Amino acid sequence: MAEEAVEHCIMEVSSHALDQRRTHGLHFELGIFTQLTQDHLDYHRTMRQYFEAKRKLFDSHPRPRKMLINADCSYGRKLLHDYPSASSFGINEPAEFRAVDIEPSFQGCRFKLQHKGKTSPFQIRLPMRHNISNVLGVLAALELLGYCPSDFRGSLLEIPGIPGRMERIANAHALEIFVDYAHTPDAIENVLSEARKLSPKRILTLFGCGGDRDASKRPLMGKAAYQYSDLMILTSDNPRSEDPEAILRDIKTGLPHGKNLEKKVFEILNRAEAIEKLIALSEPGDVLFVLGKGHEDYQILGERKIPFDDRLVIQDCLKRKNRVFSS
């Protein structure tokens, strides 16, 4: 990039990169802390170690010239306490940059940016409340870097969405269908709880858990999906070297005991067949979530990596559903 005379670089710095000092020597103009929830504990082992890896971005030498931290996250509030000169953004908590008058929907969101007593309206084509938080962080960063956030109002509207991140699948059956990368308890709860607030007819959720990764989050993901879904299908994600049935058993330990689950919870290990079932069970007015793999166009089964794209499978299932309805 230096040889190509690149002047600005925006990068997502992973906790792994920070822990392994892969960004050592980089001088950041601005460091942003967005969120920290349970993930990657197969590597970090504990949430404390995960957090300490994240905070290395702000403890680097030299430190970022500016810091921007999400006040809605409990770990973010700890950083704000430790770094009082940092700027904050948020929706629920008091913050220097705050989103107010929020109007979320499955098609997009409207909100106002409140900063230093002034409010500016914005609209995005990305659905759900958590995308407002992400965009709010971007707008706050622009302000801190000397730009006027309102100048980017039109640019925000041009963003069609990010592949596999609450990606909306068009259809002719009055369904809202989303493919999302959500693969943590917090991510599933955020997506489904916000969807519930929008009062859909039903919420139908399909997900699995990756093999050879932190197993402690599996029952928590099952609990969150069960709480907010009217119907859920448990299936394979990327089982890798683990037994797919064993992964599903781990997920089910988070479901309520003694409940009559067979009418609400289905188990279909073959992910394509599971998606087919999800589409078949859907009715007009339903919201369908296919979670876990997002943009991935493969599935890892044992040592095999096979082509698999949730979005393409959904579209094939919709074509078959179209033929059934047309006949």
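For the reader, a short list of remarks on this structure follows.
- Elements of the type helices (runs of 4 or more DSSP H) sitting completely within the range 110-203 and holding at least 3 residues that are in contact (Cβ under 8 Å) with a residue 40 or more places away in the chain and closer than 21 Å to residue 89 by Cβ: these cover 129-144, 185-197.
- The single condition from (1) in contact (Cβ under 8 Å) with a residue 60 or more places away in the chain; (2) assigned to a strand (DSSP E or B) that residue 106 fails is (2).
- Residues considered: 104, 121. Of these, the only one that is in the same structural domain as residue 58 (by TED's automatic domain parsing) and modelled with pLDDT of 95 or more is 121.
- Yes/no for residue 77 being over 26 Å from the mean Cα position of the chain (by Cα) and surrounded by fewer than 21 Cβ atoms within 10 Å (Cβ to Cβ): no
- Considering residues of the range 151-162 that are surrounded by 14 or more Cβ atoms within 10 Å (Cβ to Cβ) and touching a strand residue (DSSP E or B) at 6+ places or on another chain (Cβ under 7 Å) only, the residue modelled with the lowest pLDDT: 161
- Considered as a group, the residues in the range 111-150 that are under 19 Å from the mean Cα position of the chain (by Cα) and of a type in the set (Lys, Arg) include one that is surrounded by the most Cβ atoms within 10 Å (Cβ to Cβ), and that residue is 129.
- In the range 213-236, residue surrounded by the most Cβ atoms within 10 Å (Cβ to Cβ) [restricted to those that are touching a helix residue (DSSP H, G or I) at 6+ places or on another chain (Cβ under 8 Å) and charged (D, E, K, R)]: 217
- Some residue of the range 95-105 being exposed (fewer than 15 other Cβ atoms within 10 Å of the Cβ) and of a type in the set (A, V, I, L, M): yes
- Hits in the range 266-309 - residues which are within 20 Å of residue 200 (Cα to Cα) and of a type in the set (Lys, Arg): 277
- So residue 89, is it in contact with a Gly (Cβ under 7 Å, 6 or more places away or on another chain), buried (at least 19 other Cβ atoms within 10 Å of the Cβ) and modelled with pLDDT of 95 or more: yes
- Of residues in the range 277-309 being out of contact with any His (no Cβ under 9 Å at 6 or more places or on another chain) and under 11 Å from residue 235 (Cβ atoms), the one surrounded by the most Cβ atoms within 10 Å (Cβ to Cβ): 290
- Hey, residue 46 among the polar types (S, T, N, Q), under 19 Å from residue 11 (Cα atoms) and in the same structural domain as residue 118 (by TED's automatic domain parsing) or not: no
- Search result, residues across the range 182-205 that are of a type in the set (Ser, Thr, Tyr) and under 14 Å from residue 288 (Cα atoms): 193, 199, 205
- Filtered residues of the range 127-142 (kept if among the hydrophobic types (A, V, I, L, M, F, W, C) and either modelled with pLDDT under 90 or at positive phi (or both)): 128
- Test result for residue 77, under 25 Å from residue 65 (Cβ atoms) and not aliphatic (A, V, I, L, M): yes
- Across the range 41-55, the number of residues qualifying as crowded, with 16+ Cβ neighbours inside 10 Å and either among the small types (Gly, Ala, Ser) or in contact with an Asp or Glu (Cβ under 7 Å, 6 or more places away or on another chain) (or both) comes to 2.
The values are calculated or read from the model by the stated rules, or taken from the named source; none is laboratory data. These numbers were taken from a predicted model, which means no experiment stands behind them. Every residue, glycine among them, receives a Cβ derived from its backbone with ideal geometry; neighbour counts consider all protein chains shown.
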